[in-house]
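Colleague: Take a look at this one; I'll ask things after.
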Amino acid sequence: MATDEAGERDWDGIQMAGPYSWRPPSYWFAGDYAATRGSTAEQGDNEQIPPFASLKKFIPPDKLWPINDAWYFHAGSNPKNAALTSIRRAVDRRYGLSNSAEEFARKAQLAHYEATRAQFEAFAAGGWDNHKMTIYWMLNNHWPSFFGHLFDYYLRPGGAYFGAKKGLRPLSVVFDSYATGNHNHANITVVNQTPSDQRDLRARVRVYDLQGRVRDDRTSDNLSVASGGAVQALTLPRVARDSGVVFVRAQLVDRTGKVVSENVYWQSQRLDDLGDPSNDSAFELKQASWADMTGLNNMAQVPLDVTAFRTPNPGDNRVTIRLHNPSQQVGFFERAELTSTPDGDEVLPIEYSDNYVTVFPGETVELQGQAWSGVSANWVRVTGYNTPPVVVPISPLPRS
C-alpha cells in the first residue's frame, strides 16, 4: 500500500487485503486495518457454516460430528480455509465448545451475524471519506459448500444474510462495540443511506443484563442527518459490569415517537483484544484475547407465544408472524421458519422482513415471511437461542 510524503497510508485505489476469514465486530470499527478503509475487492468470510437444516443435507449422519474430512471436502481449496480453522476458533473461543453439529451450527449463526453486520455498519458509519466501496465475496454457492456465502446452496438464509440485511438498511443506529479510543465508551452513530436528508430523529439506547433487567437508558437530542451521511448521537459507557454479557438495544425514533429501525447487539464485558495491527493478514488475525459470550448459554428458558396469519389479499402469500414474550427474561436470537408441515423443512426459497430477532420482556416482535409463488406454507416454526421450539398453524387474518 502506498504512503504519502508524511508517511501516512494512502487509501486510494482498489485493494485486495481481505480479510478472507472471520473477524470480530470491533475489527471493522477500529480504523487500524487496511481492509476496513478505502475500496476493497473480494472481501468476505470464506468459512460460512450454514444452519443445521442445510448442514445435515450434505454431511452424512455418521460424519456430522466431530468435524472431520467430510466437512473439509466442502470447504475452501486454499489450505488456510480448508479445515475451517478460523470459524471453529471464533465459535469455540467466543461461545464455548460444542457437543454436536447442531449446537456448533447454532452458535456459528451468531458469529456470522455479528461479524457481517459490523462490516457493513462500519462502512456506513465511517462515511464515504473513510470507505468508498466493497465487493463482498460471495453471495451464494453453486454446490453445498462452506465457502463464503450470504445464503447457501439450498437458498437458505443464515446468520450472515440477516446480519448483512441489518447492516445495509437505509436508516439505522449503529453501536461500535467499544472499538475506539480507550475502549471505555462506545460510539452510537445514526446512519442515513437514503436519497433524502432526515430530520427530527432521536437515538434511544438501552442496556439489558442477562436477567432481562434494564441497566441503562439514554436518548439523544433531536438529530438531522444528511443523505449519505452519519452523525454521532451518543456515547455509551461500560455499564452492568456484573453481567458477563449485555444486550445493547439501539432504536431510531422519529418525531412522532415511531421506531424507524432497531438493532440488538450482544456485548461481552471482556472485549476482544485484536493485538498489534501487524498481526493481521488476509486469512488470519492473531488476536491477543477473545470476548467471552458463554453467558448466553446459561440464560433462562423463555417460552414465546407465537401467532401467524396469512394476508387476505388474493395472490399475496405473505405471512405475518407475531412473537410475544410473556416473561421477564430476554428471548434471544429467535428464528422463524415457514414450513409446509408441522415437522417439515423450511420452504425455500423464502424471504423474511427480518429474522434472528430478540424479543424483550413483555414485548411483541412482528415480522413477515413470503415464500415464492406456488410454494405452500401452512405452519410456522420458531426456535431461539434460549427458547424451546414452537410450531403453530398459519391462520386467516383475524377480523378486527
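The values are calculated or read from the model by the stated rules, or taken from the named source; none is laboratory data. Predicted model only: the values in this text are computed from it and were never measured. With ideal geometry, Cβ positions are generated from the backbone for all residues, glycine too; neighbour counts draw on all protein chains shown. Calculation scope for accessible area: heavy atoms of the full protein, side chains included, ligands and nucleic acids excluded. Shrake-Rupley method; radii C 1.70, N 1.55, O 1.52, S 1.80 Å.
Colleague: Which aspartates and glutamates, on any chain, are close to Lys132 with Cα under 12 Å apart, when same-chain ones fewer than 8 places away are left out?
Modeller: Straight-line reach from Lys132, under 12 Å: Asp12.
Colleague: List the lysines whose Cα sits under 26 Å from the Cα of Lys57, skipping any in the same chain fewer than 8 residues away.
Modeller: Correct list for Lys57: Lys80, Lys107, Lys165.
Colleague: Per residue of the chain, what 222 nm ellipticity follows from adding -39500 (n - 2.57) for every DSSP H run with n ≥ 4, rounded to the nearest 500?
Modeller: So the calculated ellipticity at 222 nm is -4500 deg cm²/dmol.
Colleague: Any idea what the dipole of segment 172-233 comes to, in debye rounded to 20, about its Cα centre with Lys/Arg Cβ at +1 and Asp/Glu Cβ at -1?
Modeller: Charge dipole of segment 172-233: 160 debye, to the nearest 20.
Colleague: So with the 1.4 Å probe, I'd like the accessible area per residue for segment 118-270, rounded to whole Å².
Modeller: 42
Colleague: Moving on. Order the peptides 258-266, 305-313 from the highest to the lowest mean number of other Cβ atoms within 10 Å of their residues.
Modeller: Going from most to least packed, we get 258-266, 305-313.
Colleague: Note down the magnitude of the dipole of the chain about its Cα centre, charges +1 on Lys and Arg C-beta and -1 on Asp and Glu C-beta and zero elsewhere, to the nearest 20 debye.
Modeller: Value, rounded to 20: 920 debye.
Colleague: Where the only charges are on Cβ atoms (+1 Lys, Arg; -1 Asp, Glu), what is the dipole of segment 302-400 about its Cα centre, to the nearest 20 debye?
Modeller: 240
Colleague: Carbon and sulfur together cover what percent of the accessible area of the chain at a 1.4 Å probe radius?
Modeller: 49
Colleague: Could you point to the residue in Thr383, Asn279, His183 farthest towards the positive end of the chain's charge dipole, with +1 and -1 charges on the Cβ of Lys/Arg and Asp/Glu respectively?
Modeller: About the Cα centre, the residue reaching furthest to the positive side is Thr383.
Colleague: Using the Kirkwood radius over Cα pairs, work out the Stokes-Einstein diffusion coefficient for segment 141-284 at 10 °C and 1.306 mPa s, in µm²/s as a whole number.
Modeller: 92
Colleague: Looking at the P(r) of segment 211-325, how many percent of alpha-carbon pairs lie beyond 24 Å?
Modeller: 56
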